[in-house]
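Enquirer: First, the structure itself, so that you have it in front of you.
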Amino acid sequence: MKMRYIILIVCALFLLIAIPAMVVGVAIQADAMMDEGGEERTGTTHSKRPVEQVEEGDNGWWRNEDVENDSPEIFFHVTEPITTDVTVTIPDGVTLTIPEVEMTSAATWTDVKANPDGTCTYEGSTYPYLYYEGIWDYPDSSFGWMVEKVDGVMVLEGEVVTEDDILEFITEKCIDSGLEPNEAQVIIDRIVALDMLEFDGCLAIRYIPEVDVEATMQLETSESFQTMRRHFYLEQIETQVELSEPVFEMRPEGDLIIHETAVNRG
């Protein structure tokens, strides 16, 4: 009888220790699945920086730190709502997506609803565009424009300019390339947010032809979308180089079109 009481006491002590430990373990696991804002995360993020470091502006997202990655936005242009899968592939790896999905060298958003107002809906939430980042070595493009700074004075195409003039110039070139004004504004917002016009010597504003983008970065959809990809990067260099005026590829026409935009520091 005495032995029975001893066994009961030992079991009770075990339960008093084990149950709280299990509760704490579950709480830690649940907390690991929540972001800093208390929202449950979905998918797996292998990014070198958390999603919280991507800021939301009036026209969408930009990174609030400068990294040598490509960071495109995918805009939809449709006349009626349509649901599609979207897959992006970068051989050296996709490092961040909004909305978040699992990533390796590729990332796929499944059942994205493209809306006629230009937004897209994924898992019940609406976004101005799809956003992703990936590790990509920029090709040495010979297309673009040069800005030279001499004694603090900036010169673009033979004329003295201010930062506002340069931003207006880039906006015009983006729209000439076939982008919509709101898409051009996202590019301008990122240039300003990351101080890309802070330079000494010369600044090369380079355009990467679509054929060079598509050679290493794939964009695929389950529906028959036509794509237009406009990638730019701004590179500080010591002396001027000769850049040719870009001849932009033809803007696609139709009811299912994707515009992909990107601007980064080279």
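Throughout, read-outs are computed from the coordinates displayed, never taken from laboratory work. Just so you know, these numbers come straight off a predicted model, no measurement behind them. Here the Cβ positions follow ideal geometry from the backbone for every residue, glycine too, while neighbour counts run over all protein chains shown.
Enquirer: Using +1 at the C-beta of Lys and Arg and -1 at the C-beta of Asp and Glu, which of 174, 128, 209 has the Cα lying farthest in the positive direction of the dipole of segment 121-242?
Expert: Result: 128, furthest along the dipole toward the positive end.
Enquirer: Let me ask another. Over all distinct Cα pairs, what is the inverse of the mean 1/r for segment 144-265, reported as the Kirkwood hydrodynamic radius in Å?
Expert: Values: mean 1/r = 0.0649 Å⁻¹.
Every distinct Cα pair counted, the radius reaches 15.4 Å.
Enquirer: When the chain is fully extended, how far beyond the present Cα-Cα distance does residue 148 get from residue 102, taking 0.36 nm per residue of separation?
Expert: Residue separation times 0.36 nm, minus the Cα-Cα distance, leaves 12.3 nm.
Enquirer: Related question: Sticking with the crude label model, points 7 Å out along Cα→Cβ, report the distance from residue 135 to residue 211 in nm, one decimal please.
Expert: About 2.9 nm, to one decimal.
Enquirer: So what are the ³J(HN,Hα) numbers for segment 131-138, from phi and the Karplus equation (6.51, -1.76, 1.60; θ = phi - 60°), rounded to whole Hz, Gly and Pro as x?
Expert: For segment 131-138, the Karplus curve yields 10, 8, 10, x, 7, 8, 7, 5 Hz.
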